[in-house]
Structure formats: C-alpha cells, structure tokens
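Below is one structure; the comments refer to it alone.
The values are calculated or read from the model by the stated rules, or taken from the named source; none is laboratory data. From a predicted model like this one, the values you see are computed outputs, not experimental measurements. Every residue, glycine as well, gets a Cβ built from its backbone with ideal geometry; the counts of neighbours run over all protein chains shown. Remember, those area values only see protein heavy atoms, side chains included, never the ligands or the DNA or RNA. Shrake-Rupley method; radii C 1.70, N 1.55, O 1.52, S 1.80 Å.
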Amino acid sequence: MKSSSRLSKSVRPIDLNHIGILYDDEREALRFYRDLLGFTMTDYASVPRAMFMRLNNEHHSLSLFPREGGQDAGIWLGEHEAWEMETYEHLLFSLELLSKKKIEPVLMGRRMPGSNYTIYFRDSEGNLIELAYGLETVGWNGKPKPFQLWAELERIGTLPSKITADSLETDELMKKFDGKKLTWTASELAKSNGKKYDASREIGRIPFKISRLSYYSISCKNIATMASFYSSFLGLDVKYKSKTRVALAAPGGNYPDLVLELNAKGSNSLSKICFEMRSYSELVDCSEFLKRAGVEIEFEGYRHTGDAIEEFCIDFEDPSGNQLRFSFSPKLRGLKVQSKIPDRRLALKPAFA
Ligand SMILES: [Fe+2]
C-alpha cells in the first residue's frame, strides 16, 4: 500500500527542528548560549569541533560550528536549517523528490551525536537545508548516548533500507560495552572546565527559560523563486505574502516557521533566529537580565507587521554576530493581547495598546 507521502509532490516536513550556526570564539559562544541564555549542553565533538545544545529533551535545538576550519573534514556542514520528517518513509521519499527536481544531496546518512537519519541539500539560493528523522531524545538523567557508541551508529554517505528502534539498538550496543567505562563528551567537557550543568534551569540563576525554537528568517535575492521553492518543493504553507516578505509554516501549522525577506543587494544568508519564551513576564525578566550582563538590546517591544507574526520580542546578537530574537507570541498560544495586562512592560515601546 502506498503511504500518503507517495501521493505528495512535496517534501512536507512536520516542523522546524533545529538550526546550525557558526561561532568565532568557542569560549565566548559557550558562555553566551549555555551560561547566559540557559541552553543545556548535550554533546561536544572534539574532532572536528562542534557543540550541540538543547532546550528540552530533544538532543539539540542548536548546533554550533567554528567559522574557521570547522568544515575541513567535510562532515560538519556549518550553518543550516533542519526540518523534522514525520517518518523514515517520508525521509526516503524526499530523496525521490530531490532526484526528480535534479537536486543533488550534499550529504546523507546518520549523524552522531544526535542519531538522526538525515539528508542535506541546498535551496535555490544556496542555503543549506537538512531533513531529519529520529533525533535522539535525552533521558531523565540528562545524558545522551555515550561517545563509544557514536562510531557504531554513524553512517555517512548512504541511508539504510531499514532502521531499528532506537531503544532496541542502544540496548544491544550497551551489552557490547558492558563493564567498560563509557564517556559522555559533554560531561567530559564539564570536568575539563570545572563547570556543572543544570539540566532543568527551573531553579537557577537565570530568570527565564526558552520554550522552543520558533522560526528563522533568511535574506533572499529573488523572493519569488525562493517562495516557490519553499512552498511547492518543500511543501510549506504560505501564511503571508508580499513583494518583500513571505512567511511560511510547516503543513497545517498556524504560525510561521520561516520568513523570507527580500534583500536584492545583499547576500543570501540566515538573518535571524527566533526563540519563544514560556511567558511574557519571563521575556521581561530576560530583557533585564541580558542588559545587566552587558548585552545590547537592539529592539524591544511589540511587533505586529501584518505578516502573520505578532509578538512581543527582544532583538540582540550573539558574540559572533548571529541575530537572535526572543519572543512571546499571544497569537501562537491562542491568547488575545488585551485580555490581561501585566504589571511590568518591555521598555522601548508600550507593550500593550
Ligand atoms: Fe543539523
């Protein structure tokens, strides 16, 4: 019987999964994302270097690669945007769609750390997209798979015809390593720099917690071609469209996962990553906390630009110049802005009309 994916002419991921960014200085990046923004370090690859950080129990929401030398080995691909596939069948089917469109995958296989089955390819302007299935979840003890299992699981260059359930596979492998000392790279890193990791951040010195990766923006040279690529080929729903901005969501999603922005003179690139906070008051706390820590807030207030995105937000950049937005969107949660007015407000613009 044919699956529903075989009736589709587009890739149709189910959600935005994670973003890969570049950093200039490793210590700065670690301090910023882990110590200041509260991301939890999951894994750390030493050769070639890469850091994997999470917001919840998924192995990583953010992967970080050194700008210099990080791509020498050819398997870390640097800046990329990863979309989650519903089943392994959907991932395999997307290979057929790529072939029909004559798009050569940049890489496929199974990645470690993270255990995800994956295909990388480039959009019509060269941005790197990853389709991922089966990203590992991190258990109650906060530990990902031990380092010794990576080589057993990683496959680069091909996708297997069948896969085994993650739990079964891990149980089998752990038997093989029974009695041997296993190491977890993030824990090793903690030992080497003397820091302990707080997996929960619920009771910590950081007065907020990021809820999830919300959406990202990219600058486009030709917005019509890019909009067609992401809607017709990737299968995203268009939530808003103008000559200069197009907002798209994973099929069935009610809030954008991707915003395309026309920048005819500039270069195509990732222009902003937006993370959603748990509550409005935590967004306000976050703004104050970051200012005290010396982070320059470029904008804070309410944005309702008519492009399907309505949010309270703060904009700032990381030490490597990546543009970040932290938001609280009443619309995303089905709330009305006027329903409750909090006591404290974001500073630059009135938060509530
Ligand atoms: Fe990735």
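If the condition is being more than 14 Å from the ligand (Cβ to nearest atom), in contact (Cβ under 8 Å) with a residue 40 or more places away in the chain and either crowded, with 21+ Cβ neighbours inside 10 Å or among the polar types (S, T, N, Q) (or both), then the stretch 94-137 contributes SER94, SER124, THR137. Taking (1) part of a strand (DSSP E or B); (2) of a type outside the set (A, V, I, L, M, F, W, C); (3) under 16 Å from ASN322 (Cβ atoms) in turn, TYR33 satisfies each apart from (1). Might you let me know whether the stretch 41-51 holds any residue that is of a type in the set (Phe, Trp, Tyr) and open to solvent by less than 20 Å² (accessible area, probe 1.4 Å)? No, there is no match, as no residue in the stretch 41-51 is of a type in the set (Phe, Trp, Tyr) and open to solvent by less than 20 Å² (accessible area, probe 1.4 Å).
The numbered conditions (1) under 30 Å from ASN56 (Cα atoms); (2) surrounded by 20 or more Cβ atoms within 10 Å (Cβ to Cβ) are all true for SER231 except (2).
Tell me whether the stretch 56-72 contains one or more residues that are more than 15 Å from the ligand (Cβ to nearest atom) and over 30 Å from ILE314 (Cα atoms).
Within the stretch 56-72 (the criterion being more than 15 Å from the ligand (Cβ to nearest atom) and over 30 Å from ILE314 (Cα atoms)), the answer is yes, since at least one residue qualifies.
Of the residues making up the stretch 9-53, those that are in contact with an Asp or Glu (Cβ under 7 Å, 6 or more places away or on another chain), more than 15 Å from the ligand (Cβ to nearest atom) and β-branched (Val, Ile, Thr) number 1.
I want to confirm something. Restricting to the stretch 138-150 and keeping residues that are touching a residue at least 12 places away in the same chain (Cβ under 8 Å) and open to solvent by 60 Å² or more (accessible area, probe 1.4 Å), which single residue is nearest to ALA50 (Cα to Cα)?
Only one residue tops the list, namely PHE147.
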